[in-house]
1. State, to one decimal in nm, how far the label point of B:SER67 lies from the label point of B:SER80, with both points 7 Å from Cα in the Cβ direction.
2. In whole Å, what are the extents of segment A:1-47 along the principal axes defined by its C-alpha atoms, from largest to smallest?
3. If the protein assembly as shown were replaced by its equivalent ellipsoid, with semi-axes equal to the square roots of 5 times the Cα gyration tensor eigenvalues, what would those be, largest first, whole Å?
4. For segment A:1-89, with the dipole built from +1 on Lys and Arg beta-carbon atoms and -1 on Asp and Glu ones, taken about the Cα centre, which of A:PHE33, A:SER12, A:LEU46 lies farthest toward the positive end?
5. Put one equal scatterer on each alpha carbon of chain A, apply the Debye formula with no solvent term, and list log10 I(q)/I(0) at q = 0.18 1/Å to two decimals.
6. With a 1.4 Å probe and all protein chains kept in place, how much accessible area does A:ASP83 have, in Å² rounded to the nearest 10?
7. Mind giving me the FRET efficiency for B:VAL112 and B:ALA2? R0 is 30 Å, r the Cβ-Cβ distance, nearest 0.05 is fine.
8. Assuming R0 = 45 Å, can you tell me the calculated FRET efficiency for the pair B:LYS9 and A:GLU5, based on Cβ-Cβ distance, to the nearest 0.05?
Amino acid sequence: QKEVEQNSGPLSVPEGAIASLNCTYSDRGSQSFFWYRQYSGKSPELIMFIYSNGDKEDGRFTAQLNKASQYVSLLIRDSQPSDSATYLCAVINSGGGADGLTFGKGTHLIIQP
Amino acid sequence: NAGVTQTPKFQVLKTGQSMTLQCAQDMNHNSMYWYRQDPGMGLRLIYYSASEGTTDKGEVPNGYNVSRLNKREFSLRLESAAPSQTSVYFCASTRAMNTEAFFGQGTRLTVV
């Protein structure tokens, strides 16, 4: 069973600080990595994807990928109360198929005003 | 710009009743999926359709059936609802297998 692990939290961060969310995965052959944001009672919304080692920046969000260590992270700069949500990490595993897209259980992020 | 649309948004069923959850996407995606999300369990794949005309079981298919009606529509049927099927159900679509998924707004189902 391919696994994607996230700390469930809650992770509490003061407004304006950097929020750092981490995710590890078990399949060394995984190729594609996604971060979804899910507000309470809403559906997951894609916010970032990353395929290559290193950093990818999009506005206040930066995704970081380290395939050798099998982790992917999401940094949120200048955190806002509206960033309070659950963040899901998703990984496409090397085996393919529908179960190739595996979701972590999510990290609950709270931005404190 | 609808994306993925699910109906209904809320439903209460009695044990043993049947119902069908509807899902439609207007993004010309080839693959569609049904997930359930329960507290502490994350998203679990029920069934998927890699392309029009095909369907396959996911991680938790028992008690469910699906139909890929055409490229746009993918329905999920509960033949005899059980309290264990109380959950939030999400439909999703992808351009192709193993690309980023886009989700519908979800159906909150309670079986009493």
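1. 2.1
2. 37, 22, 17
3. One finds semi-axes of 30, 20, 16 Å for the protein assembly as shown.
4. Looking along the dipole axis, the top candidate is A:PHE33.
5. Reported log10 I(q)/I(0), two decimals: -0.84.
6. Only protein atoms counted, so the area is about 0 Å².
7. 0.45
8. 0.90
The values are calculated or read from the model by the stated rules, or taken from the named source; none is laboratory data. Please read these numbers as outputs of a predicted model, since none were measured by experiment. Cβ atoms come from the backbone with ideal geometry, glycine included; neighbour counts cover every protein chain shown. When the accessible area is computed, the model is the full protein with side chains, heavy atoms only, and any ligands, DNA or RNA have been set aside. Shrake-Rupley method; radii C 1.70, N 1.55, O 1.52, S 1.80 Å.
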